[in-house]
Each structure stands twice: as structure tokens, then as C-alpha cells.
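Novice: Got a structure here, written out as C-alpha cells. Questions coming.
The values are calculated or read from the model by the stated rules, or taken from the named source; none is laboratory data. Predicted, not measured: the structure shown is a model, and the values here were computed from it. Cβ placement follows ideal geometry from the backbone for every residue including glycine, while neighbour counts extend to all protein chains displayed.
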Amino acid sequence: MQDTFIQAYPKLLQPSVAVAGLWLAHGDEPLLSQWLIDALRPHWRAQNYAIKRIELVSVKSWQEVLSELGSQSLFDDASALIVTGNHKPDKAVITELERFAVDAQAGAHSHSLLWLTPKQDKRAQTSKWFAPFAQYGHVIDCNLYNEQQRQQLLQIQAQQFGLTLSQEAWQLLMSHTEHHLLSAYQTLWRLSYLFAPELLANMDNSSNPNANPASASSQPVASIALDINDLQAALVSDTQFSVFDLSDAMLAGNSAQVAKIIFQLKATDEPTTLVLWAISKDMRQIMQLMDGQDPQALGIWRSKQGLYQQACRRHSKAQTAAWPALLYKCDQAIKGLVRQPAWELLLQAALELSGQRLFKTP
């Protein structure tokens, strides 16, 4: 059986999962492999498995794997092996792995083998060594192929932490972490400490080896809703100004205040991605308003609609047509793809929105 990580992971979070037999996880995102282990570990513990890791240093290492699976313990009901390394099994080992998988399906034993490998292409998946895992075991594709999958997976993690983020908060989180999976996950973890410490403590207790892991995963987790204000408060550093202050100054056309805030944010090492997010959000919404869209439908708070309308009156469509290219150049500078300093371009964009143009547009 073959699944993507997005399909398999929620199933493994259920209270009862059959873990015996062959498991193969392939991918180039190590965090997904670790999450897979973390999801299987409570089931192994609940079923009294002895958990062991084996590194494949050569093809001969597979003999150690088979030997471990064939051994019996007086204290454990079965063994769970986490195998790492990219050395493929030979013909004899493939035969033994197939026999192992068939016996597991028949209930002859309860041993579990999880092999973590780099991403396997379509050609590798037609190889003989792959067949026992695909035909008699579980193959999990631990790769993310688009941003929708990344956010979907992070939403599952947020639920595990007892958090629910608004769509605007998700956009800020992804922009702030530069769409990096580990950074976004770490940010969610920090948010759980700030907003749901009791829920997180319960999760920590459930991961205690002396606790009952199966029952812990079956208990519903209460959810705390976070909006953009909550996320912004958690992300900003101890600066005199925040990006919300920058937004107000830009919309009001106060170019002197805009420059002051930008310099302060730079001096306190505010993430450039967060500053760009604030500027690009306001620019997009101004362009949408100038196209006739309803401010309420765009999610603009009633208290700020006057500021947005004031900003719209300062600009023409010919002027705003150059904004996407400027935002793209800011993004390139942040990623180090252009030589111009990112803060210099961010200042230019912020002043442009406020109505103060540093350079004449052609």
C-alpha cells in the first residue's frame, strides 16, 4: 500500500493502528520522517515493542536487521526497528523481507520494520527491492509538492497543539517563516506555549513513557482560535514600533514616520520578511480597492477603511501598476538574489505607498 505523508499521517494519529510488518518512508524532508517516527512511537510503546535503530553501513548490514527481527526477548512482545541508510537489500534479503511481511499479515509475528530512505524516483519504485514494501507493507511518500500541502500539514500540527489560526494569520506565519516547514513548526510550538500552555503540558505528559500513549491520542484536544493580532503580538520583538505601526503610517501618508519606523525596525533586527508582508498586504488591498472591490469583503477592519480610502486617493492605477515589480525586487533582495540591500528597497516601497516617491517612474 502506498500513501502520501498527508494521507498517512492523520491515520497514524488515531488511537489504534496496526504497526506490524514492513514500512518504507522515502523523502528529502527529514522533519516528515521524524514526525512519522513520533506518530508510530506511541503505538509501539502501547504494544510493548522494543525500539531499536540500525544504520545500514553496507549491504551486509541487512543481516543484522534480519537477525534482530528473528530474535525474541523475555521482556518485550516484539521489536520495532528503525533502519536508516540507502544500501539496497540483495536478492536473498529481499526474499526474507517478503516472507517477513507475509507472516506479519498472517499474524505469525508482530515485529515492525521502518526503513527511512532518500526520495525514490519512479524507476527505483519498479525495482525488485521495492516490491515487498509496496505489495505487502506500507510505503509513505515523505515529500511536499506544493504550498497547499505544506499548510495542510501545519494545520494538523496546529490542531495537535490546540491552536486554530485565521486565514490571515496563516498568511503572516508562512510569510514570516519564508515557507520553511521547520521554522513554521517551531513558531507554532512557541505559540502553544504562549496561548495554550495547559494543553501543551497534557501533550508532554502523554509522551511520558509511563503514560498510556494509546489513550492519549484518542482524547479530543480543545482548540484556541488565534487571529492576526495574536500572531503579530507573538512574532514582534521588543521594538518601539511594530509592522502594524508601519501600516498605519503608510496608509496615512506620513512619510517621515514611515522612515522613522523602518530605521527602528532595521536597528532592532525585525525580520525583513515580516516587513515585506505588511507592505505587500497593504499594496495588494489598495490595488483591489481601486479595482472596485468591497473593503469588507477584503477583510479590512471598519476602523481602517478610511485610511485605505485615503491611500487610494493618493495614487493612480498607473502608479500602482509598478508595485508588483517593486515587491518582487524586495523579495529577491531578502533572498540575496540581487545586490541592492533589502532594507533600502523596503524603505523605497514603504515610502512609495505613503505617497513619497524616491524615483520617477517611466
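Novice: Looking at (1) assigned to a helix (DSSP H, G or I); (2) closer than 21 Å to LEU346 by Cα, which one does ASP269 not meet, given that it meets all the others?
Specialist: (1)
Novice: So which pairs qualify, if the first residue must be in region 219-233 and over 12 Å from LEU173 (Cα atoms), the second must be surrounded by fewer than 12 Cβ atoms within 10 Å (Cβ to Cβ) and at pLDDT below 65, the Cβ gap must be under 6 Å, and the two must be at least 6 apart or on different chains?
Specialist: Listed by first residue and then by second, the contacts come to nothing, as the list is empty.
Novice: Looking at TRP62, TRP115, which is the one that is within 34 Å of the chain's Cα centre (by Cα) and not in a helix (DSSP H, G or I)?
Specialist: TRP115
Novice: Next question. Looking only at region 229-246, count every residue that is assigned to a helix (DSSP H, G or I) and surrounded by fewer than 22 Cβ atoms within 10 Å (Cβ to Cβ) and tell me the total. If you could, list the steps in order and put the result at the bottom.
Specialist: Within region 229-246, the first condition is being assigned to a helix (DSSP H, G or I), and the residues that meet it are 229-235, 243-246.
Remaining after also requiring surrounded by fewer than 22 Cβ atoms within 10 Å (Cβ to Cβ): 229-230, 232-235, 244-245.
Result for region 229-246: 8.
Novice: Any idea which residue in region 173-191 is surrounded by the most Cβ atoms within 10 Å (Cβ to Cβ), counting only those that are within 17 Å of GLN149 (Cα to Cα) and hydrophobic (A, V, I, L, M, F, W, C)? Spell out how you get there, then give the answer.
Specialist: Taking region 173-191 first, the residues within 17 Å of GLN149 (Cα to Cα) are 173-175, 177-185, 188.
After this cut, where a residue has to be hydrophobic (A, V, I, L, M, F, W, C) as well, the list is 173-174, 181-182, 184, 188.
Values: LEU173: 25, MET174: 20, LEU181: 18, LEU182: 12, ALA184: 22, LEU188: 20.
Filtering first and then ranking leaves LEU173.
Novice: Tally the residues that are more than 18 Å from THR117 (Cβ to Cβ) and out of contact with any strand residue (DSSP E or B) (no Cβ under 7 Å at 6 or more places or on another chain), restricting the search to region 48-70.
Specialist: Summing the residues that are more than 18 Å from THR117 (Cβ to Cβ) and out of contact with any strand residue (DSSP E or B) (no Cβ under 7 Å at 6 or more places or on another chain) in region 48-70 gives 4.
Novice: For region 292-314, which residues satisfy the criterion of being of a type outside the set (Phe, Trp, Tyr), assigned to a loop (DSSP other than H, G, I, E, B) and either within 20 Å of GLU168 (Cβ to Cβ) or in contact with a Phe, Trp or Tyr (Cβ under 9 Å, 6 or more places away or on another chain) (or both)?
Specialist: Here is the first cut: in region 292-314, the ones of a type outside the set (Phe, Trp, Tyr) are 292-300, 302-307, 309-314.
Next cut, assigned to a loop (DSSP other than H, G, I, E, B) only: 292-300.
Answer for region 292-314, where residues must be of a type outside the set (Phe, Trp, Tyr), assigned to a loop (DSSP other than H, G, I, E, B) and either within 20 Å of GLU168 (Cβ to Cβ) or in contact with a Phe, Trp or Tyr (Cβ under 9 Å, 6 or more places away or on another chain) (or both): GLN293, ASP294, PRO295, GLN296, ALA297, LEU298, GLY299, ILE300.
Novice: Which residues, counting only those in region 14-50, are hydrophobic (A, V, I, L, M, F, W, C), more than 20 Å from HIS111 (Cβ to Cβ) and surrounded by fewer than 18 Cβ atoms within 10 Å (Cβ to Cβ)?
Specialist: First pass over region 14-50, keeping only residues hydrophobic (A, V, I, L, M, F, W, C): 17-20, 22-25, 31-32, 35-37, 39-40, 44, 46, 50.
Next, only the ones that are more than 20 Å from HIS111 (Cβ to Cβ) stay: 31-32, 35.
Of everything in region 14-50, just one residue is hydrophobic (A, V, I, L, M, F, W, C), more than 20 Å from HIS111 (Cβ to Cβ) and surrounded by fewer than 18 Cβ atoms within 10 Å (Cβ to Cβ), namely LEU31.
Let's see how each residue does on (1) within 27 Å of ASN143 (Cα to Cα); (2) surrounded by fewer than 17 Cβ atoms within 10 Å (Cβ to Cβ); (3) out of contact with any Ser or Thr (no Cβ under 9 Å at 6 or more places or on another chain):
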| position | (1), (2), (3) |
| --- | --- |
| LYS52 | yes, yes, no |
| VAL59 | yes, yes, yes |
| VAL65 | yes, no, yes |
| LEU81 | yes, no, no |
| GLU96 | no, no, yes |
| VAL102 | no, yes, yes |
| ARG123 | yes, yes, yes |
| SER127 | yes, yes, yes |
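Novice: Here are the criteria: (1) part of a helix (DSSP H, G or I); (2) more than 23 Å from GLN14 (Cβ to Cβ); (3) not β-branched (Val, Ile, Thr). Tell me which single one ARG45 does not satisfy.
Specialist: (2)
Novice: Then there is this: Scan (1) in contact (Cβ under 8 Å) with a residue 40 or more places away in the chain; (2) under 22 Å from LYS11 (Cβ atoms) for the single condition GLN125 breaks and write down its number.
Specialist: Answer for GLN125: the failing condition is (1).
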